[in-house]
Amino acid sequence: MADKNLGVELNMVQRCWGGDYVFSPLGDGHVNDTFLARQKGVPELVFQRLNGNVFENVVLLQHQTAQLVTHLSRDANFSERFVVPEIVPSLNGEMVEMHEDSYWRAWRFIKGSVCDERLESIEQVETAAEAFGCFQRALIDFHPESWQLQVPNFQSFDFYREELLALGKSSKNPYVKDLIRAAHQWGHEDYFNNGKQSYIHGDCKVTNLLFDDSSDVAKSIIDLDTVHLRSWTLDFADFVRSVCSGNGGFNRLFYVSALRGFLRGKEISREDLMLSMDSLIRGPIAITLMLAIRFASDHLRGNVYFNVKEHGENLQRSLEQYRLFKEFQDSQLWMSEVFDQMRTDLIEE
């Protein structure tokens, strides 16, 4: 997102939420722009400028998020263990304020929290995976009257494949040609429509979980904009991809820890586990290739979806995911053996 009007927009935020805040960038999100707002004597807030190129209806998105936050807060098992994000309405009582074509919202800053962009130990991985599993478990009885995912064609492999073909068919970049070839060769089966469908996080990466700043205890799950109905294994696959991205490649110990954490947090049934076998093995491969395609397509269209600091960054992100995709492919047999052992252990228990 261009920042030419940022100063004007932050002044609007000051007026709408009533404060004399000092703003500083927070995190390195690929979609929204996030700022920590400090003011002497009052709790810190987190403001986000939502990417209007990504979400169809930002107002509806935030109203749905409010429903979700309310549900999580009422789930005693979840809310006693994790801090549920708190929406802070503007002085007008609005959950979203608009300035020209920009949309802003505010959250209460979660004290004593830290975001780890990379998880360094199997203990951290297992703890984080368990937290996301607990999040899914808390949504088992979430039944809103209506729910519309505000990101069109989100996590649709076939849509992303066709988009890459349309955008990249005239590209002379050898990597783009290789990626198109890989996308064509990948099977059309949707590994995330198998098994029981329930509400999942939808963007299950390590930076969407906060740890306690004095320990490795998971404190809060954030970024709730892509919650939707799908197989729980999509979150698992994306989490595995996330912990292995930019962290030395595919770490087998991280895969095992992620699987153990999710199974414990979600308290998955043996029946659901059996139905999910293919997704647990091939899901990380599919979603990593999918993200490689998405980054490349956004590079080709001019970086309108993912935030970049300079042109070419999305192409580099794509290449990193493609390399990880190849590593996951080479490890399919090993992942199958891990699953078989995990299944045996659960049956014996």
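The values are calculated or read from the model by the stated rules, or taken from the named source; none is laboratory data. Computed from a predicted structure; not experimentally measured. Here Cβ is always computed from backbone atoms with ideal geometry, including for glycine, and neighbour counts include all displayed protein chains. Heads up: the accessible areas ignore ligands, DNA and RNA and are worked out on the full protein's heavy atoms, side chains in. Shrake-Rupley method; radii C 1.70, N 1.55, O 1.52, S 1.80 Å.
The table below lists the values:
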item	result
Only listed residue being part of a loop (DSSP other than H, G, I, E, B), surrounded by 12 or more Cβ atoms within 10 Å (Cβ to Cβ), in contact with a helix residue (DSSP H, G or I) (Cβ under 6 Å, 6 or more places away or on another chain) and not basic (Lys, Arg), chosen from 84, 31, 54	84
Residue match in the stretch 244-266 (condition: among the hydroxyl-bearing types (Ser, Thr, Tyr) and within 30 Å of residue 64 (Cα to Cα))	no
Pairs where the first residue, in the stretch 227-240, is at positive phi and touching a residue at least 40 places away in the same chain (Cβ under 8 Å) and the second is part of a helix (DSSP H, G or I) and among the hydrophobic types (A, V, I, L, M, F, W, C), C-beta under 9 Å, 6+ apart	none
Test: residue 69 is closer than 24 Å to residue 152 by Cβ, in contact with an Asp or Glu (Cβ under 8 Å, 6 or more places away or on another chain) and open to solvent by 10 Å² or more (accessible area, probe 1.4 Å)	yes
Residues of the stretch 49-79 that turn out to be basic (Lys, Arg) and at pLDDT below 95, as a count	1
2 or more residues within 21 Å of the chain's Cα centre (by Cα) and not polar (S, T, N, Q): qualifying helices (runs of 4 or more DSSP H) within the stretch 90-188	122-138, 157-168
Residue within the stretch 14-22 that is within 29 Å of residue 317 (Cβ to Cβ), open to solvent by less than 50 Å² (accessible area, probe 1.4 Å) and of a type in the set (Gly, Ala, Ser) present	no
Test: residue in the stretch 65-85 that is out of contact with any Cys (no Cβ under 6 Å at 6 or more places or on another chain), of a type in the set (Asp, Glu) and over 27 Å from residue 140 (Cβ atoms)	no
Selection count, the stretch 79-110, where residues are over 16 Å from residue 65 (Cβ atoms), touching a residue at least 60 places away in the same chain (Cβ under 8 Å), out of contact with any strand residue (DSSP E or B) (no Cβ under 7 Å at 6 or more places or on another chain) and not acidic (Asp, Glu)	3
Criterion: under 23 Å from residue 206 (Cα atoms) and open to solvent by 40 Å² or more (accessible area, probe 1.4 Å) - qualifying residue of 137, 49, 74, 105	137
Candidates 163, 130 - the one that is within 30 Å of residue 300 (Cα to Cα) and either exposed (fewer than 14 other Cβ atoms within 10 Å of the Cβ) or acidic (Asp, Glu) (or both)	163
Which numbered condition residue 258 misses (of (1) over 30 Å from residue 105 (Cα atoms); (2) within 19 Å of the chain's Cα centre (by Cα); (3) among the small types (Gly, Ala, Ser); (4) open to solvent by 20 Å² or more (accessible area, probe 1.4 Å))	(4)
Residue match in the stretch 174-185 (condition: closer than 25 Å to residue 85 by Cα and open to solvent by less than 10 Å² (accessible area, probe 1.4 Å))	no
Residue ID - nearest to residue 287 (Cα to Cα), chosen from residues in the stretch 204-218 that are buried (at least 21 other Cβ atoms within 10 Å of the Cβ) and not aromatic (Phe, Trp, Tyr)	204
Elements of type helices (runs of 4 or more DSSP H) in the stretch 248-327, at least 2 residues being among the aromatic types (Phe, Trp, Tyr)	252-266
Options 275, 300; residue that is open to solvent by 10 Å² or more (accessible area, probe 1.4 Å), of a type in the set (A, V, I, L, M, F, W, C), within 20 Å of residue 186 (Cβ to Cβ) and touching a residue at least 40 places away in the same chain (Cβ under 8 Å)	300
Long-range neighbours under 6 Å by Cβ, at least six apart or interchain, first residue on the phi > 0 side of the Ramachandran plot within the stretch 14-38, second in a strand (DSSP E or B)	27/34
Complete set of residues in the stretch 279-297 that are among the aliphatic types (A, V, I, L, M) and in contact (Cβ under 8 Å) with a residue 60 or more places away in the chain	286, 287, 289, 290, 292, 293, 296
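Conditions tested, residue by residue: (1) surrounded by 19 or more Cβ atoms within 10 Å (Cβ to Cβ); (2) closer than 26 Å to residue 175 by Cβ; (3) of a type outside the set (Val, Ile, Thr).
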{"site": "252", "(1), (2), (3)": "no, no, yes"}
{"site": "264", "(1), (2), (3)": "no, no, yes"}
{"site": "269", "(1), (2), (3)": "no, no, yes"}
{"site": "283", "(1), (2), (3)": "yes, yes, yes"}
{"site": "316", "(1), (2), (3)": "no, yes, yes"}
{"site": "340", "(1), (2), (3)": "no, no, yes"}
